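Working notes for the structure below.
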Ligand SMILES: Nc1ncnc2c1ncn2[C@@H]1O[C@H](COP(=O)(O)OP(=O)(O)OP(=O)(O)O)[C@@H](O)[C@H]1O
Ligand SMILES: Nc1ncnc2c1ncn2[C@@H]1O[C@H](COP(=O)(O)OP(=O)(O)OP(=O)(O)O)[C@@H](O)[C@H]1O
Ligand SMILES: [Mg+2]
Ligand SMILES: [Mg+2]
């Protein structure tokens, strides 16, 4: 039995389905792995901890990864958890914003500083606006409440599988503008990160194999997998998680170990053009296929 | 015995009264400001959530309480010790005091990644956080008290050929106990906040975790239920420390000081 | 005049010494614990970042400083006023004190969404946060001082037929000024933290915002540069309040108390 | 205007007797002097009359002959000076009026400060005054209180002979017509000032005949010296 | 063993003179008594000898005839009792030893407490003691200090005649052979105890002849009464 520590990006939620199911179904054990799962409260911590050697794997965001690598953190993507963007630009469904162009002069809330400005800028440009036309406010983790309470007119950084359901349950349904439909190159929302200098490719390959099996199980048995997931913690048993679970299934990477190099090249160029990073680096500095090592 | 029991009864009654008052205020606030329930739910909804989730809340409350108690004891001890060192040595004062202020000026939240790097995601980092947050009020209040020893006593001690250590233990520390008590009362209120912040930094248990979790899910009622439990625990802790502080001060002196309390309260 | 200038000089020198000491400690800590630079950069890199981004940092520091100063003045005034009300009336004590503790037991962070809802994302919500965070230490310390008036003075006043209001303003408040000073010193350290937390909850300006921003961009050096500036501002604020508190206490009394300070410091 | 007082009763703390049942008549508008060994309960008695004693329980009655309440008509100078360290001499002397929300009589205060010999120190804080100077400030503060009943607890104990004589004369002058109860250890003082003199002992209250002349007496008048000698002898334990 | 002391100099605070240049010789192993009007600087002088005066500047010298430092050989009883409110009578009396990190001589402490008449109050805190009882605790604490130089600042001022006489005798007994400097306002006390008597005035230091007999004298011996009378006359301002 080999021990591994995995840092989630945030509290356990349906996005982490494959990991939880693999754990519960014993797939990790089948691979000879004993996995310790740790959930932090600040999503910017786990990559640092992995870079510092505190854990073997962390869940991170592809857009953030580019910035982190450019700031010199020893990090590399070794696998994919969620293979599409989840991020969306949300407005109130019955609110005054009917199209993105209506955002001129309005306030947009965001939570994790970093790439949100670049993403929003690109979306705005695609709709004839610039960042100068809106006011951006960092509202921390109160995205939905800030929007529902009318403190901001739109939010960016909320997830389509989560915040949208949440708002609907609260009776203030939201409407999502999908970033990848508004000029932002598509990317992997959640990826597995490791320290390239210390990573153990064999361990990681076995880990990914287990999550791949779990993903297949989830896709094949959506109801049963929800039951298993919900049983792991009482706080997960509510309507929101159940609905989010259903909406997330189609977004799990079916081949977690597979690497689409083009995605990383395109996004690297996108960030460079937005001025967030300097010269681009080769994909091999950002992401690897552990199976190929 | 009887008096004590009556006292406890009246305290309970008063607390009950205050609770009702606060619930009323809360309901009024919600109604008046027209705050939506997903930001500030009314007390009824919160009580409901308390009932629905009582097992969950109890579990997490126990975890937090453990962190708080350990943090409080360690923070108060360390704080008192630091104050004594500062009071004892001019050199320590010149060097350490700014360092202390400096260290406090850094929001603990910013230190969180460093603390988790050093202490990991377990109980230790939460205790460290609670400790850090109460360390300064205790140090600061006790130190101020230690520096306020009436000069005549110090002069008397110096004529008597007292050793500095003995002046400290026999005169300055006893004379500063009311100030220490003041610091401890503050600490009792801050220790839970410290633990909560520690949990926010990274935890899978505790009321702080539960709050963030509920917040992330816009479950305002669960979040406020956890908050109410936390506030209640703090209230109890404060009452206990207040009693202990009174005892500490009363026990050592029958001076006019203690008489006042009897008159004024 | 000359003495004052010399005092200021020696204070500056001492601060400089302490700064060097702390930079050394920091460097040693980084080296010894082998903490990677993206978690805790060494002082040199931070100084470099300070230089590179000085315009940016100055801008945000000014915003934060404004919030802190307004919050400090308002929080200290409100806190002092509350302590006086509590000390003046038994009824207020019975009702308000638990409410006060209760209110403090609720982590400000949890109140943040409510505050921003009521006050918006502008200056007001940060001031409210700074105010909230220093309100309790000031109230608590001053209140404790007000309840410790030597009984003989109160007896004398009662024989003289004093009105309660005058006893408060002429005896209890002056006698409690050292305790208030103690509370103010704490407040000076906490007010900046309050403002920072306010900014973390939602802001587009200020050092707290800058820290979050730098954190999101994984720019540890910028984040620590902002942190250092914040700590420095706190240090200055603490020194100023310390001086003011000394003045407050010294000015009103030439009692043995004040003599001690001269002897012991 | 100044009432006569009658005190009858005993005092105790828990099971400990502080003083046994005793009876003390204090004549209206006169100086009544109380002598007695240390710890016999003199200060306690004064505090009971002023209504500020809270730890020692009194069983009995303390009444004024006009039937009105006593406490609101009392001014007391306690055994310790109780000066407020943050007020200067003048402000300490006028404290009573300020505490009652009245305008202090500044001219009278200045006159009294002059008569206790502290005009040069008017603006000084108590922390820098000598023991005797502090006591004189406390005396001046008490004399400022225009109350019919005055309780003085060893008011001249920290003064030299000359200042003591002067302060006795000042007090006798300012407090003429008031009902004064003076506690002292100085037999010469008792002989000089007392309209009535009592010695309080563990057994009770003994009246002693004062000199035949009216106070305030000359300190070296022979009847005063005789009375002083007699008091000293009794206080020192000579057979009664 | 106990040294003689010589004090020459003047004291001032800023531009204010506290006392003018004066000279005081204190004989070894004897009682030197210092009288003087209130505020003339007696306590200041004692504090200067003990080396604790910090606000008043002294220009001159204070030396012992054996050339060694004075401060470490001093025990002082200040004008206020300075009891620690959180210690009971016994612990207050043995405070010196505790502060020096020495084992207190418990038997001796008990004996001294007995002699100041406080054995029944041994376990009480100072807050509940009478003024005279507190003063006796402070006296007992000072007598516990086996120092060659003893400074007493009005040590018996709060005591009745009987207790005062007894405490004078106790002090004279315990402090025989020590160099004692006693400040008092009681001329009888000066006449009874002084090997040498000085009157400190605004102008300087005047020596007064003590009674011809050796102290401690009988309080009603005629030469003591005469000396007391002469001192009183001088203190009250009769022409020198
Ligand atoms: N800081 C100061 N500034 C000005 N004068 C001062 C200061 N401190 C003390 N004095 C004065 O010094 C003088 C000497 O005081 P000291 O206590 O020595 O008098 P004393 O002879 O002991 O009088 P007493 O018999 O009343 O105790 C007093 O007049 C006092 O007012
Ligand atoms: N709480 C208490 N418990 C027991 N005894 C007490 C308490 N408070 C006071 N006493 C005693 O009561 C007695 C009377 O005290 P009081 O101060 O009235 O004496 P006094 O006659 O004024 O003496 P002095 O001349 O020394 O000032 C003292 O013996 C004192 O020890
Ligand atoms: Mg008395
Ligand atoms: Mg004196």
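The values are calculated or read from the model by the stated rules, or taken from the named source; none is laboratory data. Everything numeric here is computed off the predicted structure, so don't read it as measured data. Ideal geometry is used to build each Cβ from the backbone, glycine not excepted, and the neighbour counts take in all protein chains shown.
Some observations on this one:
Listed here are the residues, each with its yes/no results for (1) farther than 25 Å from residue E:135 by Cβ; (2) touching a residue at least 60 places away in the same chain (Cβ under 8 Å).
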| residue | (1), (2) |
| --- | --- |
| D:103 | yes, no |
| D:171 | no, no |
| D:190 | no, yes |
| D:196 | yes, yes |
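- Matching helices (runs of 4 or more DSSP H) fully within segment D:122-240 where at least 2 residues are surrounded by fewer than 21 Cβ atoms within 10 Å (Cβ to Cβ) and over 13 Å from the mean Cα position of the chain (by Cα): D:161-174, D:222-235
- Residue A:291 more than 18 Å from the chain's Cα centre (by Cα) and assigned to a loop (DSSP other than H, G, I, E, B): no
- Those residues of segment B:212-231 which are within 20 Å of the chain's Cα centre (by Cα) and either more than 8 Å from every other protein chain (Cβ to nearest Cβ) or at positive phi (or both), in sequence order: B:226, B:228, B:229
- Within segment E:44-54, the set of residues being more than 7 Å from every other protein chain (Cβ to nearest Cβ), in a helix (DSSP H, G or I) and in contact with a helix residue (DSSP H, G or I) (Cβ under 9 Å, 6 or more places away or on another chain) comprises E:47, E:49.
- Among the conditions (1) part of a helix (DSSP H, G or I); (2) surrounded by 24 or more Cβ atoms within 10 Å (Cβ to Cβ), the only one that residue E:91 does not satisfy is (2).
- Qualifying residue in segment C:194-208 (condition: within 30 Å of residue D:99 (Cα to Cα), within 8 Å of another protein chain (Cβ to nearest Cβ), touching a helix residue (DSSP H, G or I) at 6+ places or on another chain (Cβ under 7 Å) and crowded, with 23+ Cβ neighbours inside 10 Å): no
The rows are residues; the columns are (1) surrounded by 14 or more Cβ atoms within 10 Å (Cβ to Cβ); (2) within 30 Å of residue E:157 (Cα to Cα); (3) more than 10 Å from ligand 2 (Cβ to nearest atom); (4) free of Cβ contacts under 8 Å to residues at least 12 places away in the same chain.
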site	(1), (2), (3), (4)
D:12	yes, yes, no, no
D:32	yes, yes, yes, no
D:35	yes, yes, no, no
D:56	yes, yes, no, no
D:67	no, no, yes, yes
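- Pick from segment E:95-111, criterion surrounded by fewer than 21 Cβ atoms within 10 Å (Cβ to Cβ) and under 24 Å from residue D:38 (Cα atoms), ranking: nearest to ligand 2 (Cβ to nearest atom): E:110
- Selection within segment D:1-43 - within 13 Å of ligand 3 (Cβ to nearest atom) and either part of a loop (DSSP other than H, G, I, E, B) or farther than 15 Å from residue D:204 by Cβ (or both): D:36, D:37, D:38, D:39, D:40, D:41, D:43
- Matching residues in segment A:51-63 - criterion: being closer than 21 Å to residue A:277 by Cβ and at pLDDT 90 or above: A:58, A:60, A:61, A:62, A:63
- Filter result for the condition that a residue is buried (at least 20 other Cβ atoms within 10 Å of the Cβ) and either without any contact (Cβ under 8 Å) to a residue 40 or more places away in the chain or within 24 Å of residue B:176 (Cα to Cα) (or both), over C:158, C:182: C:182
- Restricting the search to helices (runs of 4 or more DSSP H) fully inside segment B:84-158 and requiring at least 2 residues that are within 28 Å of residue A:54 (Cα to Cα) and at the interface with another protein chain (Cβ under 7 Å from one of its Cβ atoms) gives B:90-105, B:108-119.
- All positions within segment E:121-174 that are under 21 Å from residue D:78 (Cβ atoms), away from ligand 1 (no atom under 16 Å from the Cβ) and at the interface with another protein chain (Cβ under 7 Å from one of its Cβ atoms): E:125, E:127, E:128, E:130, E:131, E:132, E:133, E:159, E:160, E:163
- Condition check for residue E:85: assigned to a loop (DSSP other than H, G, I, E, B), farther than 25 Å from residue E:180 by Cβ and out of contact with any strand residue (DSSP E or B) (no Cβ under 8 Å at 6 or more places or on another chain): yes
- Among the residues making up segment E:14-29, those that are buried (at least 19 other Cβ atoms within 10 Å of the Cβ) and either more than 14 Å from chain D (Cβ to nearest Cβ) or within 16 Å of ligand 2 (Cβ to nearest atom) (or both) are E:22, E:24, E:26.
- Subset of segment B:15-53 [farther than 28 Å from residue A:148 by Cα and out of contact with any helix residue (DSSP H, G or I) (no Cβ under 6 Å at 6 or more places or on another chain)]: B:15, B:16, B:17, B:19, B:20, B:21
Conditions (1) outside the structural domain of residue B:205 (by TED's automatic domain parsing); (2) surrounded by fewer than 20 Cβ atoms within 10 Å (Cβ to Cβ); (3) within 30 Å of residue C:19 (Cα to Cα), marked per residue:
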| site | (1), (2), (3) |
| --- | --- |
| B:49 | no, no, no |
| B:63 | no, no, no |
| B:70 | no, yes, no |
| B:85 | no, yes, yes |
| B:97 | no, yes, yes |
| B:122 | no, yes, no |
